[in-house]
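The values are calculated or read from the model by the stated rules, or taken from the named source; none is laboratory data. Bear in mind the structure is a predicted one, so any value in this text is a computation, not a measurement. Note that each Cβ is placed from the backbone with ideal geometry, even for glycine, and that neighbours are counted across all protein chains shown.
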Amino acid sequence: MRIADSVKRLLYTPEGVSKLAMFGIGMLILLKVFGAVVTGSIGIRADAIHSGIDLVGAMVGFIAIRVTLRPPDESHPYGHNKAENVAGLFIAGLIFFAAGAIIYEAVRRLIEGGAVEMLTVGIWVTLGAIVINLSVSWWALRIAKKTESVALQATGRDLYADVLSSVAVLIGLVLVRVTGLVILDPIVAILVGLLIFRTAFITMRQSLGELMDENMPEEEESVVKQCIEEHSERTVGFHELRSRKAGNMRFVDLHMVVPRHVQISDAHEICDHIEHHVRHRMARTSITIHLEPCETECVECSVVCEIRKN
């Protein structure tokens, strides 16, 4: 049972998958450095640089996930979930740096020239890197989506960018082998750098948005509204709905209007039902409801109360 539990933690938790990602990246670095030394390919060298930066990013993500697991304390009553957003922003910066380094190396090779040797070895090394990277990135993104781990998602995207990088390098090596045009190797590396820039922007946009307390996605806010509307027979309405995300946690607060005759205990029961309903539909959600009595002059209301009877 202990072995089974350890395997489960390794494969199905953000912390475990982050460890798995670091191990996979370490293997990739060794493989790509070997390929770059043997072939002299700037594409494989750029790919190895990218993997080295991936490893740093994965380590930062792992630390952030460990911090996020800490319970709320006096200094952090809302928890430590934003550590993942900070890590995601840092990883995005590393991806930007990797893209810039790849483009710089490629342009330098275009200017200075150079030979690519033992293409067959380079092709097989790159194929191996693609298989390893695609497997790890796919699993990391799957678990990140399931657990809503921003740091693991950033790591997964970083690894997926590495997959694109390796695919482009593979295409470049094949083209050099078929055509004999060595210049195609750095050209493909430049295209790889541009693709990686796009991945970095997506990662940065999400992390920065949550750090700035951007609203939850519209579809998630709609779930909250639906849960409230399903209790409309006991409430008058709601307003000032606000939401934000921090790591894998959601925070929602709103003002709920209830009939004036409703007792505090009954109003509290209504709030409990709504909160339970929201958390059932969306896990890891903290919701705060401020109660308000309705106005004495009712214009339109679905709730039957003493005021409307008179």
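Looking across THR68, THR120, THR147, one residue alone is polar (S, T, N, Q) and closer than 30 Å to THR39 by Cα. It is THR120.
Being under 20 Å from ARG284 (Cα atoms), of a type in the set (Asp, Glu) and free of Cβ contacts under 8 Å to residues at least 60 places away in the same chain is a condition met by at least one residue of the range 59-77. LEU291 falls short on exactly one of the conditions (1) assigned to a helix (DSSP H, G or I); (2) more than 24 Å from GLU219 (Cβ to Cβ); (3) at pLDDT 85 or above; (4) not charged (D, E, K, R), and that condition is (1).
A quick yes/no check of all residues on (1) in the same structural domain as MET27 (by TED's automatic domain parsing); (2) over 16 Å from ARG244 (Cβ atoms); (3) surrounded by fewer than 21 Cβ atoms within 10 Å (Cβ to Cβ):
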position	(1), (2), (3)
GLY57	yes, yes, no
ARG70	yes, yes, yes
ASP73	yes, yes, yes
TYR78	yes, no, yes
GLU84	yes, no, no
ALA87	yes, yes, no
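Name the residue, out of ILE202, ILE190, that is modelled with pLDDT of 80 or more, farther than 18 Å from PHE90 by Cα and either among the β-branched types (Val, Ile, Thr) or in the same structural domain as ILE270 (by TED's automatic domain parsing) (or both). Only one candidate passes the filter, namely ILE190.
Taking ILE29, is it over 24 Å from PHE251 (Cα atoms), buried (at least 16 other Cβ atoms within 10 Å of the Cβ) and touching a residue at least 60 places away in the same chain (Cβ under 8 Å)? Against the criterion (over 24 Å from PHE251 (Cα atoms), buried (at least 16 other Cβ atoms within 10 Å of the Cβ) and touching a residue at least 60 places away in the same chain (Cβ under 8 Å)), ILE29 does not qualify.
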